[in-house]
Structures are given as C-alpha cells and as structure tokens.
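The values are calculated or read from the model by the stated rules, or taken from the named source; none is laboratory data. Just so you know, these numbers come straight off a predicted model, no measurement behind them. FYI the Cβ positions are ideal-geometry reconstructions off the backbone, even for glycines, and counts take in every protein chain you see. These area figures cover heavy atoms from the full protein model, side chains too; ligands, DNA and RNA do not enter into them. Shrake-Rupley method; radii C 1.70, N 1.55, O 1.52, S 1.80 Å.
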Amino acid sequence: MFVHKNLPVGKIVFIGDSITDSGRKSDPVNLGHGYVRLIRDYYVLEGLGSKIEVCNRGISGNRVTDLASRWEKDVINEKPDFLTISIGINDVWRQLDQPGMKQVMPDDFRRIYEQILDEATAKTKARLILMEPTVIEEDLQSEGNRKLIPYINTVKDLALKYNAILVPAHQAFTEVLHVNERVPLTTDGVHMTSTGNLLMAKSWIESVSQVI
C-alpha cells in the first residue's frame, strides 16, 4: 500500500542509468517502462495528471561521471521543480565486469556527486531527491553489494548535507530480500523486474510524500 501525506506539483526530472532509462527511447512518451512510469501513473490516478510533468533523463550505462558531462543539458536547462538522482550501480559494476577501464572509486564518486549537486542548487530551484543505489545481485553478501556500501553511504551523507529527500532504495531491497527471496526483484542482478520497479516507485512515493 502507498501511504502519502502530500503530493508533488510541478516538473519532476529523473536522471540516472539504465534502471531509470528503462527503454524510454522506444517509448512514444519517453518515460520508459520502469519505476519512473509507475510514479507518473500513480500520480495520474491521484488526480495530478495535469499538475505534474515527469521527465525521464536516464541513459543506460551511465556513471556519475556521465551525469556530470550532460548536467547542463539534461538537468539545468530543464528547470525542474523536483530533481531525482539515481546513480552508483554502474560506478561499482564496471569494477567487476570491466576492470581494465578507468574506474570511479568512492572518493571520485563523492567529489563528482557534490559538484553536480552544487551546480543544481546554484542554477535551479529544484527540491533534491537522492535515491540510494539498489543492489548488485540479490545475494546481499555478493562482491558487488559489498563494494556498493561506500557509494550508498555517500548518497546518505549528501542527502543530509544538501537537505535533500533520501529515498532508501537499497534498504527497501534489503528488507524484501530478507523476507521473500522467492520473488525476483531483478532480471540479472541489476535491472529490474516489474516487482523491483514497483518497489523503487513505492520507496520514492513514500519518501517524497512524507517530506513535502
């Protein structure tokens, strides 16, 4: 069940990697078929279809460095009222599947993330919404999930520093995996099933509606 006190009004920009992208380029309305669409659909059912504009700026494969390179075009120029950032999975996953490439280590992740948040706060009036990275494999003791911990902690720290709304997505996945491991949340350890997308959407809606 979704529980809310208030609902956002205005332009909501979502930026991130393939989990956010979710096939948006083949979608006539450019929303994709993941958690971003579910959030939009929920607010339509709540009667806010004419009062919100949902803008998906996820791109498959992105790391925080990629967000920085397109920040002006895909965030600043959009003039969002709410800005949701979901990043960190590929920053860790590339360390596992492409170890030969230049990696975004935890200190780099924090530094670049702070830079883009500084720019967002200086050039927009957006309320910031930071999503914890979800999981890398549904085994919470996997190497990917162990490596993910400092990236999750960075997102938590930055949410406090920038007075952002924190969406505890990793915590939500952890709680579900502890009690119900028979229903897969991902198709390959990273990309979402419909259940995983619904869990992300639920976490976002509950976190945002409890604060605004």
Q: Note down the relative contact order for the chain as a percent, whole number, built from C-alpha pairs under 8 angstrom at least six residues apart.
A: 25
Q: Keeping all protein chains in position, work out how much accessible area residue 119 exposes to a 1.4 Å probe, and write it in Å² to the nearest 10.
A: 50
Q: Tell me the label-point distance for the pair residue 115, residue 77, using the 7 Å Cα-to-Cβ offset, in nm and rounded to one decimal.
A: 2.0
Q) So which of 25/102; 11/102; 102/125 end up more than 31 Å apart, counting from Cα to Cα? A) 11/102; 102/125
Q) Once the Cα atoms of the stretch 111-189 are picked out, what are the Rg and Dmax in Å? A) 14.6, 45
Q) Could you give the distance between the Cα centres of the stretch 149-212 and the stretch 5-26, to the whole Å? A) 14
(Q) For a quick check of understanding: with a 1.4 angstrom probe and all protein chains in place, what accessible area in square angstrom does residue 191 have, to the nearest ten? (A) 60
Q) Which of these, 90, 30, 180, has the largest mean-square fluctuation under a Gaussian network model of the chain (Cα springs below 10 Å)? A) 180
**Q.** Computed [θ] at 222 nm, helices only, for the chain once each DSSP H run of length n ≥ 4 contributes -39500 (n - 2.57)
**A.** -14000 deg cm²/dmol
Q. Residue 190's amide H: which non-local residues (gap 5+, or another chain) put their own amide H closer than 5 Å, with H modeled 1.01 Å from N in plane and none for Pro or chain starts?
A. 137
Q: Just the number, please: percent antiparallel of the DSSP beta bridges in the stretch 69-199, rounded to the nearest 5.
A: 10
Q: Kindly provide log₁₀ I(q)/I(0) values, in the same order as q = 0.19, 0.21 Å⁻¹, from the Debye equation applied to equal alpha-carbon scatterers of the stretch 61-212.
A: -1.23, -1.43
